[in-house]
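Notes to accompany the following structure.
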């Protein structure tokens with residue numbers, strides 16, 4: 001209601017509430033079709049939003065931005081086949097940022113695998129995610145993590161268990177002072 005007591009339509013946007021922020025973009029196919037063209041368009045959009053990357057003084061290092069996509073089922077199954085792994089009907093893939101120090105990375109992976117076992121889930125394998133460090137700025141290069149994916153199989157009731165496990169892993173990371181490891185995404 002306005003001051004006169006009459007009803008007034010409330011819009012979501014109010015120009016008085018404008019503040020600076022980065023926001024986000026959304027690119028999707030209206031029928032839900034996956035396509036490489038959508039991914040290329042999204043990457044082009046990110047590339048054109050230099051302000052979103054919070055570019056540092058080296059002109060290359062940003063605060064990070066990326067794409068959220070549907071789980072690439074065929075891709076993950078092809079990766080599993082290439083590695084001789086069997087992915088069950090119910091599986092998850094976690095993207096993990098590990099330390100570049102091989103001892104710290106091995107310790108973190110061991111802890112994660114133990115927690116997976118404690119949750120009655122099965123570790124299928126680890127995959128090093130291909131990256132191109134040549135494009136990184138000096139600042140990013142000094143702290144770049146080792147990026148790996150863990151493939152996990154589960155039985156019925158798995159969604160609840162896998163989401164619970166992802167939470168437990170975050171707690172384990174914190175409890176074990178594994179500051180060099182972060183769980184980024186867990187696709188189920």
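All of the numbers you see were taken from the coordinates with simple rules; none came from a lab. The shown structure was predicted, so the numbers you read here are calculated from the model rather than taken from an experiment. No Cβ is skipped: glycine too gets one built from the backbone with ideal geometry, and neighbour counts run over all protein chains shown.
The residues 69, 150, 96, when put in order of fewest to most other Cβ atoms within 10 Å, stand as 69, 150, 96.
By the count of other C-beta atoms within 10 Å, a proxy for reagent exposure, 152, 135, 144 are ordered fewest to most as 135, 144, 152.
If each residue's Cβ is checked for other Cβ atoms within 10 Å, how do 121, 30, 46 rank with the fewest at the top? Fewest-to-most ranking of 121, 30, 46: 30, 46, 121.
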